[in-house]
Amino acid sequence: MNTEDNLKTIETACSEVRQASRLLCSPSPAQLDRCAVLLQAAVTRLEEWRKLPHAHRGAARALPEARRLRAAVRRTRGLLESAAGYHAAWRRLIDAMSAGYAPGGAPAAVVRPARLCLRG
Amino acid sequence: MSGLSAAMASAAGALEAYDRVLEVTQNNVDNANTPGYAAQTQTLEALPFDLDAGALGGVSAGEVVSARDQYSEQAVRSATTALGAANQNVQSLTSVQSVFDVTGNSGLPYALNNLFRSFSAWAQSPTGTVEQQSVLDQASAVANAFQQTATQLAQVRQGVETQLQQTVDTVNQLTAQLAGLNQQVAAGGQNDAGLDAQVTSTLETLSQYVDVSASKQPDGASTVLLNGQTPLVLGTTAYQLTYQLSEPQDPPPDYPQGPPSASILSEDNDVTSQVTTGSLGALLDVENRVIPSYLGSAYQAGDLNTMAQQFADYVNQTLTSGDIDAGDPPQGGVALFTYDTSNDTDVAASMAVDPTVTPDQLAAIDPGPPPVNNGIALQLAALANPQSNDGEIQNVSYSEFFGQMASSVGAELSAATDNQQTQQSTVAQAQDLRQQTSGVSLDQEAMTLIQFQRAYEANSHLITILDELTEDAINMLLLT
């Protein structure tokens, strides 16, 4: 792998993580699935790159891109955590609205029976 | 009532109810682009049907229900508060960073390099008048550079203090507006969608400045709390915040003459500790933490003052330990720098070269034994690259120490810029989530949340792996 290939690998991973972060601006289950696909692709790319004997070639050019990748990963983590936090609290609220509160003050457990959904 | 007229009355009632439905729908269309507006639904209530009792059935208009969900509104406000803090941090830290030029072409690093060079030249020619004059000139330039850096930082602080006052004024105006809106709600505007939109929009604007939580009371009025604790608006009363600069007393100050700290009061209670985010929180952080780390406060001298004091003391002690000439008795050297010795937080701003010192009073001779005729000049020239703790400050050279101050602002600004980008996305995300959750049925939502939970777990796992891989990649690249 030459210097250009090294740089390209990190750039592509960075682009995938940025796309994932854009998807998280509008988090729906479908968007989150697409986000996971992009993150998995970035993980696979970086894992393969790390195993290569000349992965460090062209460090002077690759290092700034790697730092941009780190910033993108942190931003994606922040967005994932804020969306997850939103839904976790929303879920607690809905549970409380559905089943009331337990004697300790926490939302009571909601019984969610299995459902069968038929579509024609 | 005859059957016919009863049927007509029932039909008229139904028509009136549907008229209200159309009115609400029209209102939704009219306000589609109104900031803060949430669509409303007119509910219809079935009237009892019992012919024997004279109840003829039909429908009547019930409550007007807003699609707005208080939970998602609060999430948008929290994200807006964090963005307000991030924007303010970037703005303030950019001003602080501009004071620290690390290119070496101006400011303190430039002046220090020139002084070290003049010490070297003086060591080559310890009795040279030109070289001695150059040392005096460059020492004056260093003193001026310390003063200028302190003055520029003080100007940044003054700007922050002006912004603090303006921000508090804006918060007070907004809370007064909310109290006024509450008054209109109390006067019968409980179902007025326009009023509701104004309240929401004002709350969103307010949340840029401070962390607010708002809740609707049964009478429709909004209660607004600062950080969930201190009332800002209760019913039709707005509680004003005030800003003040004062010397803290608890714990007792280590530097009683140090610059004062900023605090925020509500009804004479100090609520500064509750203002941790929003643009007001960010301004307080710069005023009470960032700038004091350089210029000092009641509890610290500040890095710039510490550097100025140690540098001046080292040069003065070195010069006074030397001799101007080795006659009998030898004539001792004199101190070069002066500063305000009564106030450790004013050293950089007051640093100067003693105007009574003349070039021929600079002591170049190290009395030894054995005496070295340029020993003192050499010792001072070594300040550029100190080889031992002598001539160092906190184990680094003076130039490196200044570089560390500059790089800490740079690192903080870089983190603030990253955070600003994240917060911009987080606000967009919160607005999108508000859109998703408005008016969704609980049943549907419960099912979707299970899907969300699984998706979050999968993504979170991947992010953790990516984080590690990225750190590894950076370490691998750094090692080459």
Restricting to the stretch B:153-205, and then to whatever is polar (S, T, N, Q) and not in a helix (DSSP H, G or I), can you tell me which residue is nearest to B:Ile264 (Cα to Cα)?
B:Gln190
Is the stretch B:216-224 home to any residue that is surrounded by fewer than 18 Cβ atoms within 10 Å (Cβ to Cβ), of a type outside the set (D, E, K, R) and under 30 Å from the mean Cα position of the chain (by Cα)?
yes
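Take the conditions touching a helix residue (DSSP H, G or I) at 6+ places or on another chain (Cβ under 8 Å) and more than 7 Å from chain B (Cβ to nearest Cβ) and apply them to A:Ala13. Does it pass?
It is true that A:Ala13 is touching a helix residue (DSSP H, G or I) at 6+ places or on another chain (Cβ under 8 Å) and more than 7 Å from chain B (Cβ to nearest Cβ).
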Residues satisfying the stated conditions in the stretch B:79-122, i.e. in a loop (DSSP other than H, G, I, E, B) and within 22 Å of B:Val286 (Cα to Cα):
B:Ser98, B:Val99, B:Phe100, B:Asp101, B:Val102
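A quick yes/no check of all residues on (1) at pLDDT 85 or above; (2) within 30 Å of A:Thr44 (Cα to Cα); (3) more than 9 Å from chain A (Cβ to nearest Cβ):
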site	(1), (2), (3)
B:Leu362	yes, no, yes
B:Ser388	no, no, yes
B:Leu462	yes, yes, no
B:Asp467	yes, yes, no
Within the stretch B:352-397, track down each residue that is touching a Pro at 6+ places or on another chain (Cβ under 8 Å) and touching a residue at least 60 places away in the same chain (Cβ under 8 Å).
B:Ala364, B:Ile365, B:Asn373, B:Asn374, B:Ala377
Could you tell me whether any residue of the stretch A:57-73 is at pLDDT 80 or above, within 11 Å of the chain's Cα centre (by Cα), buried (at least 19 other Cβ atoms within 10 Å of the Cβ) and within 7 Å of chain B (Cβ to nearest Cβ)?
yes
In the stretch B:403-424, is there at least one residue being over 30 Å from A:Ala13 (Cβ atoms) and modelled with pLDDT under 85?
no
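Would you confirm, using the coordinates I've provided, whether B:Asn89 is surrounded by fewer than 18 Cβ atoms within 10 Å (Cβ to Cβ) and not assigned by TED's automatic domain parsing to the domain that holds B:Gly391?
On the way: surrounded by fewer than 18 Cβ atoms within 10 Å (Cβ to Cβ): no; not assigned by TED's automatic domain parsing to the domain that holds B:Gly391: yes.
When the stated conditions are applied, B:Asn89 does not pass them.
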Of all residues in the stretch B:101-121 being over 36 Å from the mean Cα position of the chain (by Cα) and aromatic (Phe, Trp, Tyr), which is surrounded by the fewest Cβ atoms within 10 Å (Cβ to Cβ)?
B:Phe116
Mind listing just one residue for me: the one in the stretch A:27-46 that is modelled with pLDDT of 90 or more and farther than 15 Å from B:Ser460 by Cα and, of those, nearest to the other protein chains (Cβ to nearest Cβ)?
A:Leu46
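Considering only the stretch A:1-10, state which residues are facing chain B (nearest Cβ under 10 Å) and within 21 Å of A:Thr76 (Cα to Cα).
A:Thr9, A:Ile10, listed by residue number.
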Test B:Ala384 against the criterion of being closer than 27 Å to B:Gln152 by Cα and surrounded by 15 or more Cβ atoms within 10 Å (Cβ to Cβ), and give yes or no.
yes
Number of the exception - B:Leu234 against (1) touching a residue at least 12 places away in the same chain (Cβ under 8 Å); (2) under 26 Å from B:Tyr71 (Cβ atoms):
(1)
Go through (1) of a type in the set (Ser, Thr, Tyr); (2) surrounded by 17 or more Cβ atoms within 10 Å (Cβ to Cβ); (3) under 31 Å from the mean Cα position of the chain (by Cα) for B:Thr318 and report which single condition fails.
(3)
May I ask you to list the residues in the stretch B:123-147 that are within 10 Å of B:Ala377 (Cβ to Cβ) and part of a helix (DSSP H, G or I)?
B:Ala123, B:Gln124, B:Glu131, B:Gln132, B:Val135
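The values are calculated or read from the model by the stated rules, or taken from the named source; none is laboratory data. It should be emphasised that the depicted structure is a prediction, and the values quoted were computed from it without experimental measurement. Ideal geometry is used to build each Cβ from the backbone, glycine not excepted, and the neighbour counts take in all protein chains shown.
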